[in-house]
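J.: To start, I am sharing the structure in question, which I have written as structure tokens.
The values are calculated or read from the model by the stated rules, or taken from the named source; none is laboratory data. What you see is a predicted model; the values in this text were computed from it and never measured. Here the Cβ is made from the backbone with ideal geometry for all residues, glycine too, and neighbour counts use every protein chain on show.
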Amino acid sequence: MPSLHDDAAPASAFRLPEAVGILGAGRAGTALARAIARIPRLHPGTAAPRVVMAATRPPAAVRRHLLIHAPEAEAVPVDELAAGTELTVVAVPREDLDDVDPALLAGPRTLAVVDMTNTWGDEPVPDWLAGPGDTAAGPGTVLIARRWAAAGLSVPVVRAFSEISHHELGTAGRTEEPRRALGVGADDPGPGRDAVAALMAALGFEPVEYAPLARAAALEPGGPVFGRETAAADLARALALRFR
Ligand SMILES: NC(=O)c1ccc[n+]([C@@H]2O[C@H](COP(=O)([O-])OP(=O)(O)OC[C@H]3O[C@@H](n4cnc5c(N)ncnc54)[C@H](OP(=O)(O)O)[C@@H]3O)[C@@H](O)[C@H]2O)c1
């Protein structure tokens, strides 16, 4: 697995998370849930992690929605999303991030919070996130990680699954080479980033691990690899070139 950090252990050394929480049950969140549900078909004998999901609607309404869009996933109240999960994926529009309570994103077993969000078009984002995606302050994910850490989030933020459309995320993973490469970024290597990379590999994508999060500028909308099927070496090169 290509990595931009020599000290990163291979993600294959880490077991899959047993449970993943997804905040947001729209196009992106349900596509990730469907991709996770494909794991046993891609890897016969491997169980898929349990997936729990929450949205703004109450769990009964989310449950009805999931019956159609991600039937293997379970609806839970927002305040129970991270109670037993190793990863929490945030898949809500950035314009709604002020309504997300970072204290609810990590529970006792949580290794990382995954930022899957993008600023899309002229979406009105919170003031603290406004401005072009790769200003001197860094791409939006850097600002999100900083804000959540200041609010008391004690696990790392990992940038992943943001540069692929929901159409492809739910279906494009494969076990045969060449597999599509996707980035897995964090400010430091560690068990959180490794768990995300292990999940991504199980979904049938080639994880390219990078640090720090500021390198994510290459993956933002308008960046050179956003929405493109990219080989691992090309993605690693793009991530390295865009760092400053
Ligand atoms: N669509 C894609 O192809 C794609 C790919 C990669 C990344 N992304 C990024 O993923 C994010 C979500 O995009 P999307 O296309 O999935 O949007 P979407 O279809 O509009 O779904 C948004 C979901 O977020 C939920 N939500 C909003 N505010 C919330 C809050 N405060 N707490 C809990 N849930 C909340 C909504 O709840 P309700 O269901 O109750 O309304 C809805 O389920 C965006 O940042 C987007 O840029 C999207």
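Quick grid of which residues meet (1) among the small types (Gly, Ala, Ser); (2) under 18 Å from ASP101 (Cβ atoms); (3) in contact with a strand residue (DSSP E or B) (Cβ under 7 Å, 6 or more places away or on another chain):
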residue: ILE39; (1), (2), (3): no, no, no
residue: ALA48; (1), (2), (3): yes, no, no
residue: VAL51; (1), (2), (3): no, no, yes
residue: ALA60; (1), (2), (3): yes, no, no
residue: ARG63; (1), (2), (3): no, no, yes
residue: ALA73; (1), (2), (3): yes, no, yes
residue: ALA83; (1), (2), (3): yes, yes, no
residue: VAL89; (1), (2), (3): no, yes, yes
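J.: For a quick check of your reading: which helices (runs of 4 or more DSSP H) sit entirely within the stretch 154-244 and have at least 1 residues that are under 18 Å from LEU87 (Cβ atoms) and under 12 Å from the mean Cα position of the chain (by Cα)?
T.: 166-169, 191-202
J.: Answer with yes or no whether ALA150 is modelled with pLDDT of 95 or more and either under 21 Å from VAL20 (Cβ atoms) or among the basic types (Lys, Arg) (or both).
T.: Criteria not met by ALA150.
J.: Give the residues of the stretch 48-61 that are under 20 Å from the mean Cα position of the chain (by Cα) and either more than 11 Å from the ligand (Cβ to nearest atom) or part of a helix (DSSP H, G or I) (or both), sorted by residue number.
T.: ALA48, PRO49, ARG50, VAL51, VAL52
J.: Which residues, taken from the stretch 65-89, are more than 8 Å from the ligand (Cβ to nearest atom) and among the hydrophobic types (A, V, I, L, M, F, W, C)? Steps first, please.
T.: Quick first cut of the stretch 65-89, residues more than 8 Å from the ligand (Cβ to nearest atom) only: 66-77, 79-89.
Once the filter is applied, which keeps residues that are more than 8 Å from the ligand (Cβ to nearest atom) and among the hydrophobic types (A, V, I, L, M, F, W, C), the stretch 65-89 yields LEU66, LEU67, ILE68, ALA70, ALA73, ALA75, VAL76, LEU81, ALA82, ALA83, LEU87, VAL89.
J.: Go through THR30, THR117 for me and flag whichever is touching a residue at least 40 places away in the same chain (Cβ under 8 Å), outside any loop (DSSP other than H, G, I, E, B), crowded, with 18+ Cβ neighbours inside 10 Å and within 12 Å of the ligand (Cβ to nearest atom).
T.: Being touching a residue at least 40 places away in the same chain (Cβ under 8 Å), outside any loop (DSSP other than H, G, I, E, B), crowded, with 18+ Cβ neighbours inside 10 Å and within 12 Å of the ligand (Cβ to nearest atom) holds for just one of THR30, THR117, which is THR30.
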